[in-house]
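Student: Before anything else, here's the structure in question.
The values are calculated or read from the model by the stated rules, or taken from the named source; none is laboratory data. Here the structure is a predicted model, which means the values were calculated and not measured. Don't worry about glycine lacking a Cβ; one is built from the backbone with ideal geometry, like all the others, and counts go over all protein chains shown.
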Amino acid sequence: MTAAYLRLGTGAGPPPPLAAQLAAWFAQRGEPLCVLDPHGEGERDWPGDGDLYVHLDAGQRHAPDLPNVTVFGPGADGRFVRARVRPGDPEPGDRVEDLGTLPIPTYAGLGVVPPAVRILAGRGDRVRPVSHVLREIVYLCEMHRVGHLMFDDADLDAFPGWRAAFEAELAHLPWAVSWEGFASGKRIRRTATLRP
């Protein structure tokens, strides 16, 4: 089986959530995915066989324009003539309508997970169930001791009622996890208050 390859291209910051989701998607199916530039390690060359997935953050302009490259993430747009461009969903195949069916990102193969991670509440017009996001947070807290979440969503209030439900459920976790993100045009930062 030919491996697929993933290039993050984000430097030393927290891994992008769509890249972590892609890695989990491949792991769930038992398909090999080789991360070319995991955090904390030197960048490796793509051998040219198999598919190459390149994550681009907003404003990022570096990606190979090759025929078997899939460019994804918020920086993906129409400027790549020969690449497959998936602005929101990195998963191979059709668009995933129910985000709750996706595996939670385990960050396997992406290098050291820092104490702060990037996370998504939704993609475009779709929102993840609060329970799905909470499962990811529990995993991150237990396995990687993550204490701060940075939501990459443009507006958490674009999903009516989601933020209130999330804050209510987060308060039931045994960790005081802080989080930040944009909601109704403002950057907000919260620390979950533990309930007795």
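Student: Can you spot a residue in region 111-123 that is touching a Gly at 6+ places or on another chain (Cβ under 7 Å) and surrounded by fewer than 15 Cβ atoms within 10 Å (Cβ to Cβ)?
Tutor: yes
Student: Confirm whether Glu91 is at pLDDT 75 or above and among the acidic types (Asp, Glu).
Tutor: no
Student: Taking the condition of being under 12 Å from Gly100 (Cα atoms) and acidic (Asp, Glu), how many residues in region 116-162 meet it?
Tutor: Qualifying residue count, region 116-162: 1.
Student: Scan the strands (runs of 3 or more DSSP E) fully inside region 94-196 and keep the ones with 3 or more residues being touching a residue at least 60 places away in the same chain (Cβ under 8 Å) and outside the structural domain of Ala76 (by TED's automatic domain parsing).
Tutor: Output list reads 116-119.
Student: Answer with yes or no whether Pro105 is more than 20 Å from Ala58 (Cβ to Cβ) and not small (Gly, Ala, Ser).
Tutor: Criteria not met by Pro105.
Student: Of everything in region 16-55, what is within 26 Å of His132 (Cα to Cα), surrounded by fewer than 18 Cβ atoms within 10 Å (Cβ to Cβ) and at pLDDT below 80? Give them in sequence order.
Tutor: Residues satisfying the conditions do not exist here.
Student: Run down Gly73, Gly13 and say which single residue is closer than 23 Å to Glu136 by Cβ, at pLDDT below 80 and crowded, with 18+ Cβ neighbours inside 10 Å.
Tutor: The unique qualifying residue is Gly73.
Student: Now, a different point. Return yes when Asp152 is surrounded by 15 or more Cβ atoms within 10 Å (Cβ to Cβ) and either on the phi > 0 side of the Ramachandran plot or among the charged types (D, E, K, R) (or both) and no when it is not.
Tutor: yes
Student: Step by step: first the residues of region 113-148, then only those that are of a type in the set (Lys, Arg) and out of contact with any Asp or Glu (no Cβ under 9 Å at 6 or more places or on another chain), then the one that is modelled with the highest pLDDT. Which residue is that?
Tutor: Step by step, filter region 113-148, then rank; the result is Arg135.
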